[in-house]
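Here the structure comes first, spelled out in structure tokens, and everything after it is commentary.
The values are calculated or read from the model by the stated rules, or taken from the named source; none is laboratory data. What you see is a predicted model; the values in this text were computed from it and never measured. Reconstructed Cβ throughout: ideal geometry from the backbone, glycine too, with neighbour counts over all protein chains shown.
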Amino acid sequence: MTALATTLERIVGPTHVLARPASLLAYRSDALPGHRVMPALAVMPGTREELIAVMRALAEDGTPYVARGAGTGLSGGALADGVVLLALHRLRRIIQIDPVARTATVEPGVVNATLTRAVAAHRLHYAPDPSSQTACTIGGNIAENAGGPHCLKYGVTLNHVIRATVVLPSGEVVQLDRGDASASASASSAGYDLLGAFVGSEGCFGVVADVTVRLTPDPERVITLLADFMSVRSAANATSRIIAAGIVPAALELMDQATIEAVESSVYAAGYPRDAAAVLLAEVDGAAAGLDDDVRAIEALCLESGARSVRIAHDPAERTRLWLGRKKAFGAMGRVAPHLVVQDAVVPRTALADLLEDIQAIGVKHRLRVCNVFHAGDGNLHPNIPYDADDADESARVHKAMKEIMTRCIDAGGTITGEHGVGLDKLPYMEALFTPDTLDAMCSLRSVFDPTRRSNPGKVVPVRSCREWHATPAARV
């Protein structure tokens, strides 16, 4: 790729094209260490014009590429195996904030939490809040349709994206729009919702040059509760009862004893009771009037379900501490083992209790420690296994356990991802979840945006499932 590297250097400058293996080591995996590959080279555009020029150079050369933000993904979705890695972290301008329309237009490399800090003075925030929000980027959030604890009430990334300027794999620049920026969330433009298709496409349809997102007013009041239980089943049952009662908390998160121990032994210690089998972190927000009624109802439902106690955060500092433990739980597990595998199945809430017991049994069977920390309110499970990826025997047991866990979740009527994407990691489960015709329809949709499959090749849909792919050899790269 010497000639291509020279072309790219002319566009972005020599210091922003990496080709030496030692310089590329940081890009061989994302936050899921089980998959490790090396890109052929990495290119880092710093302006919109550079991004477009790079995309057109790649198209002219017929070279596949993989776009990458902060590398916080958990599915191997941003890995470039012998192809060009397009790093977007330098595109971090907040282009415009409109506090009246409650919108912001940003480049894809803007960090999630940075946007909320930028609009805080207007008493606004960006609602989707992945646990990695202090590092993950808006572009990556769009690629995965990221969620987060507060998406139970406020919706995932898709619900907050109004329009995007997109560079297609061909180098063509298009604007995908959902309607007027000042309109309600239900507004949509005439024609097909191509923006809706693009969000969550995992980098397979092109690259975001800029995006306009909806901002959310800060609630008048926020109340955070922590309920502790002596069994995981009781905590899961409390979750179902809260939702069944018609209460929609802003967030409803469950952590089991293994997670509690990891957090409390780390610098993120939040004051969770170490002897609890599980804790349920619940938050309600909105207009002050009537909020206390929801708090009393949640407290009663937790106690009726077997909670030993329900603690209410008395000030913002205590609330922040409780949430820090939850948001940094994945990092805290670094004390347990050098690597961590995280899954992302979504199951019916009514199946949570049984599935959590099954997951624990699978961990015991394979001699592995499973730590559960997840979005209980919408049934989005995150079973985590700390392990040593350099230990071949342990890695093999981890992969067997994860396959059994995912199969069990599918059998329970669940799906394989809620917010982390399919990427490479969940590719083997796609054929268990979807019919051949459905997978082929996905391939056909991808062909509309990327007919030559150069954008994030080998991800999301198994190639063997694409009839058109096999029928058109010339389209292969």
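Could you go through region 303-318 and let me know if any residue there is in a helix (DSSP H, G or I), more than 19 Å from Lys403 (Cβ to Cβ), in the same structural domain as Arg233 (by TED's automatic domain parsing) and of a type in the set (S, T, N, Q). Don't jump to the end; show me each part of the working.
Filtering region 303-318 for residues in a helix (DSSP H, G or I) gives 303-304, 316-318.
From what is left, the residues that are more than 19 Å from Lys403 (Cβ to Cβ) are 303-304, 316-318.
With the extra rule that they be in the same structural domain as Arg233 (by TED's automatic domain parsing), the set shrinks to 303-304, 316-318.
Add one more test, that the residue is of a type in the set (S, T, N, Q), and what stays is none.
No: region 303-318 contains no residue that is in a helix (DSSP H, G or I), more than 19 Å from Lys403 (Cβ to Cβ), in the same structural domain as Arg233 (by TED's automatic domain parsing) and of a type in the set (S, T, N, Q).
Where in region 26-104 are there strands (runs of 3 or more DSSP E), lying wholly inside it, with at least 3 residues that are over 30 Å from Arg214 (Cβ atoms) and hydrophobic (A, V, I, L, M, F, W, C)?
41-43
What is the residue count in region 410-458 for residues that are under 28 Å from His150 (Cβ atoms) and among the charged types (D, E, K, R)?
Number of matching residues: 3.
Can you name the condition, by its number, that Asn145 falls short on among (1) among the polar types (S, T, N, Q); (2) touching a Leu at 6+ places or on another chain (Cβ under 8 Å); (3) at negative phi?
(3)
At least 2 residues that are under 29 Å from Arg68 (Cα atoms) and small (Gly, Ala, Ser) in each: list the strands (runs of 3 or more DSSP E) lying fully within region 189-296 that qualify.
By residue number, no strands (runs of 3 or more DSSP E) qualify.
It is to be established whether one or more residues within region 92-108 are in contact with a Lys or Arg (Cβ under 6 Å, 6 or more places away or on another chain), surrounded by 17 or more Cβ atoms within 10 Å (Cβ to Cβ), at pLDDT 95 or above and not β-branched (Val, Ile, Thr).
So far as region 92-108 goes, yes, one or more of its residues are in contact with a Lys or Arg (Cβ under 6 Å, 6 or more places away or on another chain), surrounded by 17 or more Cβ atoms within 10 Å (Cβ to Cβ), at pLDDT 95 or above and not β-branched (Val, Ile, Thr).
Table: residues versus (1) of a type outside the set (Lys, Arg); (2) modelled with pLDDT under 95; (3) in a helix (DSSP H, G or I); (4) in contact with a Gly (Cβ under 7 Å, 6 or more places away or on another chain).
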{"position": "Thr350", "(1), (2), (3), (4)": "yes, yes, yes, no"}
{"position": "Ile359", "(1), (2), (3), (4)": "yes, no, yes, no"}
{"position": "Ile362", "(1), (2), (3), (4)": "yes, no, yes, no"}
{"position": "Leu368", "(1), (2), (3), (4)": "yes, no, no, no"}
{"position": "Phe374", "(1), (2), (3), (4)": "yes, no, no, no"}
{"position": "Glu394", "(1), (2), (3), (4)": "yes, no, yes, no"}
{"position": "Lys400", "(1), (2), (3), (4)": "no, no, yes, no"}
{"position": "Glu404", "(1), (2), (3), (4)": "yes, no, yes, no"}
{"position": "Arg408", "(1), (2), (3), (4)": "no, no, yes, no"}
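For region 1-30, name all the residues that are touching a strand residue (DSSP E or B) at 6+ places or on another chain (Cβ under 8 Å) and of a type in the set (Gly, Ala, Ser).
Ala5, Ala19, Ser23
Check Pro457, Pro473 and return the single one that is at pLDDT 95 or above, not assigned by TED's automatic domain parsing to the domain that holds His150 and not hydroxyl-bearing (Ser, Thr, Tyr).
Of the residues listed, the single one that is at pLDDT 95 or above, not assigned by TED's automatic domain parsing to the domain that holds His150 and not hydroxyl-bearing (Ser, Thr, Tyr) is Pro457.
Among the numbered criteria (1) assigned to a helix (DSSP H, G or I); (2) aliphatic (A, V, I, L, M); (3) touching a helix residue (DSSP H, G or I) at 6+ places or on another chain (Cβ under 7 Å); (4) in contact (Cβ under 8 Å) with a residue 60 or more places away in the chain, which one does Leu355 miss?
Result: Leu355 passes all but (4).
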